[in-house]
Amino acid sequence: APVACAMRRSRGTTASAVKELVVLGAALRKVDPDEAEILLRRAYYLAMTDGDHQVASTTAGELVTLLRDQGRLFDALAMASQKIERTNQAGFGFWTQLSDQGRRLQVLNLLGRHEQVLIDLPALRVQMADLPDERAHNDRVNPWKVRDCILDIGRLSALALARWDDALDLNQEIVSTKRRRAAGASEIAASRCHDYLPLFHLGRSADADQLLRDCQGIFAAACDIAQLATVYGARADLEGKRHHPRSAVDLQRTSLHLRYLHPDPQEIATAHQNLANYLSRASGKGAEQQAHRLAAALLDHFAGNTRQLTTTPRMPANEPRDDAGGTDTPTLP
């Protein structure tokens, strides 16, 4: 009913009616993406017809997010390019324009076009270095967030290409930015944690371990449960890479327990899947491995994480189907 009412009101193509479509479309994006797309595309068409580039820019941004979350990445990339054009026509500030470039880089990263991300990144870094840290009167974004987002996308692409030194360099700039704006110790430590993987691959395993332990101490002092869960998971990953599967299991168990204190279905599903993997390498009980994989799959299913379901590794063929035991051991379904 709200959708039908919004569509009827939009027929007058008044500015307020078009904005209502955008607001409703954004609200429906997660609960009913099909209806949300209908509303947002109509709003975009009307805004373009009326020459209202500001509303068109806002609507294009909502569409990019919707298409990205649905896994329609090529459509999202095309809309991201349109978003850049609409923002320029609307006369928004340089930080807002850079934010649109960040959206485009994010989609390129998701598409696996990491080389392109790193080709485009240096020019954006130069632009950001020349801009003041404060937003202009015609900006609609937080400059700090734009800077961190663009640099982090570059860091992720550097990791994907195993360009470890580049990943460290980009993360150092992120940490420096956070310190310059007087971010809290926990937020800074959360960024510093990202260095553990490049350090490991550069042969600095001990440094990676010490980094994570230091960050763990900061999170514990701040009672930051979410980051404690993350750092225990990172330590489990590091121990797994160092061929210490039993240590990895213990650390991942702690991470999983902490995840349940502030439940996020996707994070918990990933934690269950990782624990199953570590148990497999540590020759853990087959039934327990299966239970964690099943928990991950069910969480992804009920949370609607269909993309994650298609990429979640299936149970290895050589994984034990049940636990060795006597005749009293029940057969698990």
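The table for this structure:
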{"quantity": "Two-site label geometry, Asp169 and Arg242: point separation in nm, points 7 Å out along Cα→Cβ", "calculated": "2.9"}
{"quantity": "Efficiency of FRET between Phe302 and Ala27 - r from beta-carbon atoms, R0 22 angstrom, step 0.05", "calculated": "0.50"}
{"quantity": "Backbone HN-Hα couplings from phi across region 67-81 [Karplus 6.51/-1.76/1.60, Hz, Gly and Pro as x]", "calculated": "5, 4, 5, 7, x, 8, 6, 5, 5, 5, 5, 4, 5, 4, 5"}
{"quantity": "Euclidean distance between Cα centres, region 173-222 to region 41-104, Å", "calculated": "34"}
{"quantity": "Contour excess over end-to-end distance, with Cα ends at Ala129 and Phe74 and 0.36 nm allotted per residue", "calculated": "16.8 nm"}
{"quantity": "Under Karplus coefficients 6.51, -1.76 and 1.60, residue-wise ³J(HN,Hα) of region 132-137 in Hz, glycine/proline x", "calculated": "x, 6, 8, 6, 7, 5"}
{"quantity": "Radius 12 Å from Cβ of Ile174, net charge of other residues (Lys, Arg +1; Asp, Glu -1)", "calculated": "+3"}
{"quantity": "Helix-only mean residue ellipticity at 222 nm for the chain, each DSSP H run of n ≥ 4 adding -39500 (n - 2.57), per residue, nearest 500", "calculated": "-24000 deg cm²/dmol"}
{"quantity": "Ranked by how many other beta carbons lie within 10 Å on average, peptides 77-88, 202-213 from highest", "calculated": "77-88, 202-213"}
{"quantity": "Cβ crowding within 10 Å averaged over residues, with 187-196, 45-54 ranked highest first", "calculated": "187-196, 45-54"}
{"quantity": "Length-normalised contact order for the chain - Cα pairs under 8 Å, 6+ apart - percent", "calculated": "7"}
{"quantity": "Efficiency of FRET between Ser16 and Ala226 - r from beta-carbon atoms, R0 30 angstrom, step 0.05", "calculated": "0.15"}
{"quantity": "Residue-count net charge about Gln54 - beta-carbon cut-off 15 Å; Lys, Arg +1, Asp, Glu -1", "calculated": "-2"}
{"quantity": "Per residue accessible area in Å² of region 1-144, where ligands, DNA and RNA are left out and the probe is 1.4 Å", "calculated": "50"}
{"quantity": "Label-point separation, Glu115 to Arg213 (7 Å along Cα→Cβ), nm", "calculated": "4.1"}
{"quantity": "Cβ-derived FRET efficiency at R0 45 Å, Ala185 paired with Ser283, nearest 0.05", "calculated": "0.70"}
{"quantity": "Region 228-266 versus region 115-144: alpha-carbon centroid distance in Å", "calculated": "35"}
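The values are calculated or read from the model by the stated rules, or taken from the named source; none is laboratory data. All values derive from a computational prediction rather than experimental measurement. All Cβ positions, even for glycine, are placed from backbone atoms using ideal geometry, and neighbour counts span all protein chains on display. These area figures cover heavy atoms from the full protein model, side chains too; ligands, DNA and RNA do not enter into them. Shrake-Rupley method; radii C 1.70, N 1.55, O 1.52, S 1.80 Å.
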